[in-house]
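Beneath this line is the structure, given in structure tokens, with notes to follow.
The values are calculated or read from the model by the stated rules, or taken from the named source; none is laboratory data. All values derive from a computational prediction rather than experimental measurement. All Cβ positions, even for glycine, are placed from backbone atoms using ideal geometry, and neighbour counts span all protein chains on display. Please note that ligands, DNA and RNA were not included when accessible areas were found on the heavy atoms of the full protein model with its side chains. Shrake-Rupley method; radii C 1.70, N 1.55, O 1.52, S 1.80 Å.
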Amino acid sequence: MSNPPFAARVHVPADRTFDPASVRPLFPALERRQNGHPVAYFDGPGGTQVPSLVVDAMRDYLLRHNANTHWAYPASAETDEIISASKRALGAFVGGASDGIAFGANMTSLLYHFTRALAPAISADDEIVTTRLDHQANIAPWVRLARETGATVRPIPFDVRTGMLDMAAFADAIGPRTRWIAVGAASNALGTINDVASLRPLADEVGARILVDAVHYAAHHRLDARRMGADVVACSPYKFYGPHLGVMWVSAEVLAELDPARLPCAGSVGAEVLETGTLSHEGIAGAAAAVEFLAGLGGGPGDGSDGEFAPRLDAAFARLEARGDEVARRMGEGLAAIPGVRVYGPPADGVRTTTFGFTVPGRSSEEVTRRLAEDLGVFTSHGDFYATTVIEDLGVGPDGLVRAGAACFTTDEEIDRLLEGVEALVR
Ligand SMILES: Cc1ncc(COP(=O)(O)O)c(C=O)c1O
């Protein structure tokens, strides 16, 4: 796929600093206004806004290359190449081989389908370790698998004061019967980052496999399946500046063991066995463009070769992580300083993303979200975010939390507007 003329339009300084102003012109959504205010998007944990180059790639696919796959005419061959190129880009993005990449409607569908493919090899003697800090997408499919096979699920708790997983509990839960460990790289409700890599030695001792839900993590930190010690990684491009789509990377060893439903309308090479029917080709084109967008933040246009994404992504995430630390401190310390506001999860300078879950005294989370949008054009989200066990364990009630999450385009002014809006709602 040709390189979009993106990197040339973004000023990337030689040092590690990252200025959100450098990317804002690329996001038309940032021109939106609400009641006279420019919209400040803090709803990224539910899906980030999209730069024009992603839409351009989708539009270009639909207007110039639209076809089904594997046929002997140019548009079909181009479609095959666009899908292969996207698998190479997403392989570099997750740090795994491109033939381990499967695309699907979303992460939940892929993971559900994946657990179905494990079912023939799971028995009543087996155990699956999950966590209570995860999104239901990485809990419910495992619970169902266990129900159908008689296997046992062992959920790992988290510390409600710090939002951190009880890592010591993994050592107790993982044993000779453990087949799978299903864990999130980061919590979409609290922003906690989990030390997933520390689980690899425990898994190796008993021959267990590790599946990492990186949906929340992927927008904030460099994803690297090998460094994480993951056998399977799942993420969703719509959380990292791409279109609505799911992506799963599966190691060659796990692919060799899988027994997916062999539907005739699914491919047979590598992780294609997890794909069903005709995919969103335009979404797949857009997902590659989202990786290109992120890689472009590392400096310089790509040369189109397979090896060029990884070093640019390394450099890009070094910048995004440094900016993320500044943002987390400004948001977290600012929220915690507002009398009565209760912030859950790791502290502002803890091991976390820029996503904060909090409550405002005397207001429902839905009311806070509505008022912030109406009064100041600040878009947050509210409820349980399908992290239902997190909300249960925090004991905040069915109304859940207000969630504010920063993205690469979030400015200090927007953070200050969020803080000002929350402060005005305390009564
Ligand atoms: C941490 C986490 N895991 C999984 C999911 C589900 O992803 P998808 O919507 O692609 O199924 C989400 C979505 O919010 C999420 O935040």
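Assorted remarks:
- Between VAL254, VAL378, VAL327, the GNM of the chain built on Cα springs shorter than 10 angstrom shows VAL254 fluctuating the most.
- Amide H contacts for ARG352 (H built 1.01 Å from N in the peptide plane; partners 5 or more residues away or on another chain; cut-off under 5 Å): ILE193.
- Probe 1.4 Å, all protein chains present, accessible-area order of ASP325, ASP126, largest first: ASP325, ASP126
- Projecting the Cα atoms of GLY163, GLY324, LEU30 onto the charge dipole of the chain (Cβ charges, centred on the Cα centre) puts LEU30 farthest toward the positive pole.
- For the chain, with +1 on Lys and Arg beta carbons and -1 on Asp and Glu, the positive-most of TRP71, ALA137, VAL206 along the dipole: ALA137
- Other residues lying with their Cβ under 14 Å from the Cβ of ASP60 contribute a combined charge of -3, Lys and Arg counting +1, Asp and Glu -1.
- Charge dipole magnitude, Cβ of K and R +1, D and E -1 - region 74-291, Cα centre, debye nearest 20: 380
- Under-5 Å amide H pairs with ASP43, H placed in peptide plane, nonlocal only: GLY405
- Ranked from largest to smallest solvent-accessible area, with a 1.4 Å probe on the protein heavy atoms, HIS244, HIS281 come out as HIS244, HIS281.
- Lys/Arg +1, Asp/Glu -1 at C-beta; region 129-230 dipole; positive extreme among MET228, THR152, ILE174: THR152
- Rounded, prolate or oblate (a/c below 1.5 giving rounded, otherwise prolate when a/b exceeds b/c) for the chain by Cα gyration tensor: oblate
- Ligands, DNA and RNA left out, the 1.4 Å accessible surface of the chain is 52% carbon and sulfur atoms.
- Under the criterion of Cα pairs below 8 Å and six or more residues apart, the relative contact order for the chain equals 24 percent.
- When TRP71, TRP142 are compared by accessible area of protein heavy atoms, the largest-first order is TRP71, TRP142, using a 1.4 Å probe.
- Surface per residue (accessible, 1.4 Å probe) for region 80-146, Å²: 29
- Accessible surface area normalised per residue over region 156-257 is 33 Å², counting heavy atoms of protein chains with a 1.4 Å rolling probe.
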